[in-house]
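The values are calculated or read from the model by the stated rules, or taken from the named source; none is laboratory data. The model shown is predicted, which means the values in this text are computed figures rather than measured ones. All Cβ positions, even for glycine, are placed from backbone atoms using ideal geometry, and neighbour counts span all protein chains on display. For the accessible areas, the whole protein counts, side chains as well, though only heavy atoms, and no ligand, DNA or RNA atoms are used. Shrake-Rupley method; radii C 1.70, N 1.55, O 1.52, S 1.80 Å.
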Amino acid sequence: MALVNMVDMLNKAKEEHYAVAQLNINNLEWTQAVLEAAQAENSPVILGVSEGAGKYMGGPEVVVPMVKALIENMEITVPVAIHLDHGSSFDACKRAIDAGYTSVMIDKSHFPLEENIEMTKDVVEYAHERGVSVEGEIGTVGGTEDGVTGGIKYADPEECQRLVTEAGVDALAAALGSVHGPYQGEPVLGFDEMKEISELTGAPLVLHGGSGIPLEQVQKAIDRGHAKINVNTELQQVWTAAVREKLNNDSDVYDPRKVIGPGKEAIVKTARETLRNFGSSNKA
Ligand SMILES: O=C(O)C[C@@H](O)[C@H](O)C(=O)COP(=O)(O)O
Ligand SMILES: [Zn+2]
């Protein structure tokens, strides 16, 4: 199947009360693993690419043909979107869109609202003319994203409504207590605010910091309007644990394919569990 944007995926998910997983990719094998998991679960999937990960893979101009060729050679038939995660500028979004990403996030959440709306609107205009979907953000997700660390700031419902109506985003990341990276103790999420923001804006909500949230809380977040949940850390953790175990247990191994092979298998297993937990299996 050809690449798609997030609009139909997220609207269907919201209507049918499940979430599409954004699983972040870091290299070729990671991408193969995520695509294999989505196909095996017959689930739509969003390949999240941060600016840092995109640069690591050689730039958006490398990422897009790699994904397209894998979709063809692996005979992937489920809907797949390539999404720029936490795009920091119009230029970064434009470069991703021009290279063929089907979706972008413009993250100007740390700017005053008026500036966030203006800058997000510019990206929406450019993206929508090209059939690309856009995610915006209000509030601050705690922890570290692409190397930058900050504290939690809850999204204000009125600000969320203004970003959706005035900038015209297709999906809204409203920060409500989630954290990038591992949680210290149980997550404390603003479930009442989620419901309020979902009803006020009508937009599919996006939950950043999806790693380590207990299943019961994931389901409550989906019930309260989340149609997309981002997961990165959990996949990195299982990949690293599997590769470390391989190296610890096999001192003779030197073929890189054998060194990192168990990492790929671990991603497939965890990604499949994640898709099942989010309720998107058999929703392709
Ligand atoms: O860490 C990144 O570069 C991507 C994340 O910001 C992603 O958007 C996300 O929210 C995943 O959170 P995590 O599962 O806590 O890593
Ligand atoms: Zn994020």
* Structure fact -> Only one of Leu247, Leu215, Leu207, Leu235 is within 13 Å of ligand 1 (Cβ to nearest atom) and either of a type in the set (Lys, Arg) or over 20 Å from Thr140 (Cβ atoms) (or both), namely Leu235
* Asked: Quick one: Thr240 ticks every box in (1) β-branched (Val, Ile, Thr); (2) surrounded by 13 or more Cβ atoms within 10 Å (Cβ to Cβ); (3) not in a loop (DSSP other than H, G, I, E, B) bar one, so which box is it?
  -> (2)
* Those residues that are surrounded by 24 or more Cβ atoms within 10 Å (Cβ to Cβ) and either farther than 30 Å from Asn282 by Cβ or more than 15 Å from ligand 1 (Cβ to nearest atom) (or both), I need them from the stretch 76-85; list them, please. => Val80
* **Listing of strands (runs of 3 or more DSSP E) fully contained in the stretch 43-110 that carry 2 or more residues being of a type in the set (Gly, Ala, Ser)** => 45-50, 80-87
* Residue in the stretch 87-94 that is out of contact with any strand residue (DSSP E or B) (no Cβ under 8 Å at 6 or more places or on another chain) and either of a type in the set (A, V, I, L, M) or crowded, with 24+ Cβ neighbours inside 10 Å (or both) present -> no
* To do: Search the stretch 14-32 for residues being open to solvent by 30 Å² or more (accessible area, probe 1.4 Å) and more than 16 Å from ligand 1 (Cβ to nearest atom), and hand back the single one that is nearest to Lys55 (Cα to Cα).
  => Leu28
* Asked: Among (1) over 24 Å from Lys55 (Cβ atoms); (2) open to solvent by 10 Å² or more (accessible area, probe 1.4 Å); (3) within 16 Å of ligand 2 (Cβ to nearest atom), which single condition is Lys108 missing?
  -> (1)
* Asked: Among the numbered criteria (1) under 23 Å from Ile25 (Cβ atoms); (2) open to solvent by 20 Å² or more (accessible area, probe 1.4 Å); (3) away from ligand 1 (no atom under 16 Å from the Cβ), which single criterion is violated by Asn277?
  -> (3)
